[in-house]
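Visitor: One structure is given below, represented as structure tokens, and several questions about it will come after.
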Amino acid sequence: MNTIKNALIIGGGIAGMSTAIELRKRGITVDLVEQDREWRVYGAGITINGAALRAFKALGIGIIREIVDQGWCSDGCDICAPDGSLLGKLPTPRIAGPDIPGSGGILRPVLARILAAATLASGAFVRLGVTFTAIEPRGEEVDVDFTDGSRARYDLVVGADGLFSEVRSAVFPQAPKPKYTGQGCWRAVVPRLPEITGASMFMGRAIKAGVNPVSKDEMYLFCLDHHETNEHIGEDKWAAVLAGLLAEFSGPVGRLRDGLDAQSRILYRPLESLFMTTPWHRGRVALIGDAAHATTPHLASGAAISVEDALVLAEELERAVSVETALRAYVARRFERCKMVVENSLRLGAIEIAGGSKDEHAQVMRD
């Protein structure tokens, strides 16, 4: 039996939409507010590892089928030299089932459209261009004021509003702030080269680059660089800076580099990380996804742990005897796993910044 009848989800990203879908499966009335009135998603491609594919499958058979159909899934990750010659292969077990490859990629806007359609189809009430102005716990309920002047009362409020969560700031004022890691991530959507049929990493002397198909026709190129400070890089310089970072590469990455220009779909983002100590809830307000544990992309697991959060939260709300018991169980099941992802991703970044052991780097990724 569900411990709540209705819930508010603040944030319409992967974590928020996944939570809405799971709560609606259990007959819980869901309001989802998203401050962007266009429900836009910024970003290029996203790598989906086996854990993410398994989580999306649990979220819905229709969802995983669309991800496989509209994205690109394959087995293994090639580890290559700067010239493209193969050095080794990382296994990606088919943990989502024998019929689903071990990893994949998809454009972020495409994934967002798939989840948005499933969210609306679930019966969740979505309000765009709206967020909260005040959250007031009242015993077993929470009163929320919204930017459109309305006010409503809920059994549970879920903060799914990302790395720079306003819910976290309002309800957990002593929580840690996002911290710059010393690295930035470059991504570019480029035509898929015929020889690239799965994820591939190219290990340069100081820079690690990678490519991953996101559809039959496109893939995304990515690499990490290092800056002691979180310096601003103007968009007009992105193509030239990225090309310079990739100067040592030949082979596939070199050909992609030579094709970059001012019209290329390039995105740069400084990498920031955050991990909340327990609890991730206060009263009947809970945090989920990046609002509680924002990771860097080194293990390609940010989407996986966000969707897993939604699955576990809904399970615990369904079977627990009280909301407090459910929220404690949710955090207990998620804390160590999310900590493992965040801390090991940071460790990989530290090895890259220091020019450390490539053997340790490979071992961390493999484990």
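What follows is calculated from the coordinates using simple rules that are stated; it is not laboratory data. What you see is a predicted model, and the numbers here were worked out from it, not measured in a lab. Every residue, glycine among them, receives a Cβ derived from its backbone with ideal geometry; neighbour counts consider all protein chains shown.
Visitor: For region 1-125, calculate the relative contact order in percent as a whole number, restricting contacts to Cα pairs under 8 Å that are 6 or more residues apart. Walk me through the numbers on the way to the answer.
Guide: Values: 195 pairs, mean separation 40.2, N = 125.
Result for region 1-125 is 32 percent.
Visitor: For region 7-76, what is the relative contact order in percent, using Cα pairs closer than 8 Å and at least 6 residues apart in sequence? Provide the component values of the computation, followed by the final result.
Guide: Working: 41 pairs, mean separation 18.8, N = 70.
RCO, region 7-76: 27 percent.
Visitor: Which aspartates and glutamates have a Cα lying under 18 Å from the Cα of LYS216, excluding residues fewer than 8 positions away in the same chain?
Guide: GLU66, ASP69, ASP75, GLU195
Visitor: Whole-Hz Karplus ³J(HN,Hα) for region 180-193, in order, using 6.51 cos²θ - 1.76 cosθ + 1.60 and θ = phi - 60°, x for Gly and Pro?
Guide: Values per residue, Gly and Pro as x: 5, 9, x, 10, x, 10, 9, 9, 8, 8, 9, x, 6, 6 Hz.
Visitor: Could you pull out every residue, at least 5 positions away or on a different chain, whose amide H is within less than 5 Å of the one on ILE9? Hs are placed 1.01 Å off N in the peptide plane, and Pro or chain starts have none.
Guide: ASP31, LEU32, VAL33, VAL158
Visitor: Also: Based on alpha-carbon positions alone, could you give the equivalent ellipsoid semi-axes of region 169-258 from the gyration tensor, as √(5λ), descending, whole Å?
Guide: Output for region 169-258: semi-axes of 29, 17, 12 Å.
Visitor: Work out, in µm²/s and without decimals, the Stokes-Einstein translational diffusion coefficient of region 139-199 at 4 °C, 1.567 mPa s, Rh from Kirkwood over C-alpha pairs.
Guide: On the way: Rh = 16.4 Å.
Once the numbers are plugged in, D ends up at 79 µm²/s.
Visitor: Starting from the exponent 0.38 and prefactor 2.2 Å, build the expected Rg for region 133-289 from its residue count and divide its actual Cα Rg by it. Write out the running numbers ahead of the final one.
Guide: Values: Rg = 21.3 Å, N = 157, 2.2 N^0.38 = 15.0 Å.
Against the compact-globule rule of thumb, the ratio is 1.42.
Visitor: Based solely on C-alpha atoms, express the radius of gyration and the Dmax of region 87-172 in angstrom.
Guide: Rg, Dmax (Cα atoms, Å): 19.2, 59.
Visitor: Also, quick follow-up: Return the lysines within reach of LYS5: Cα separation strictly under 23 angstrom, same-chain partners fewer than 8 residues apart disregarded; answer none if there are no such residues.
Guide: Result set, ordered by chain and number: LYS25.
Visitor: To the nearest 500 deg cm²/dmol, what mean residue ellipticity at 222 nm is calculated for the chain from DSSP H runs of n ≥ 4 alone, each contributing -39,500 (n - 2.57), summed and divided by the residues? Working shown, then result.
Guide: Numbers: 10 runs with 128 residues, N = 367.
So the calculated ellipticity at 222 nm is -11000 deg cm²/dmol.
Visitor: Can you give the Rg to Rh ratio for region 35-122, taking only C-alpha atoms and Rh from Kirkwood? List each step's numbers first, then the result.
Guide: Working: Rg = 15.0 Å, Rh = 14.2 Å.
Answer for region 35-122: 1.06.
Visitor: Please report, in whole Å, how far the alpha carbons of region 254-367 spread along each principal axis, starting with the longest.
Guide: 60, 36, 20
Visitor: Also, quick follow-up: Calculate one ³J(HN,Hα) per residue across region 9-19 by plugging θ = phi - 60° into the Karplus curve 6.51 cos²θ - 1.76 cosθ + 1.60, and present them in order as whole Hz with x for glycine and proline.
Guide: Rounded to whole hertz, the list is 10, 9, x, x, x, 4, 5, x, 5, 5, 5.
Visitor: So, in nm, how far is label GLU140 from label SER169 when the simple model puts each one 7 Å beyond its Cα toward the Cβ?
Guide: Result for the modelled spin labels: 3.4 nm.
Visitor: May I ask for the equivalent-ellipsoid semi-axes of region 226-315, computed as the square root of five times each C-alpha gyration tensor eigenvalue and listed largest first in whole Å? Don't skip to the answer; put the middle values down first.
Guide: On the way: eigenvalues 273, 48, 26 Å².
They are 37, 16, 11 Å, listed from largest to smallest.
Visitor: Separate question: Ordered by residue, what ³J(HN,Hα) values in Hz, to whole numbers, does region 69-86 give under the Karplus form 6.51 cos²θ - 1.76 cosθ + 1.60, where θ = phi - 60° and Gly and Pro are x?
Guide: Running phi through 6.51 cos²θ - 1.76 cosθ + 1.60 with θ = phi - 60° gives 6, 8, x, 8, 10, 7, 10, x, 9, 6, 9, 10, 6, x, 8, x, 5, 6 Hz.
Visitor: For region 34-117, which chymotrypsin sites (Phe, Trp or Tyr not before Pro) are both in a DSSP coil and crowded by at most 12 other Cβ atoms within 10 Å? Intermediate values should be presented prior to the final figure.
Guide: Working: sites: TRP39, TYR42, PHE56, TRP72; in loops: TRP39, TYR42.
Passing sites in region 34-117 are TYR42.
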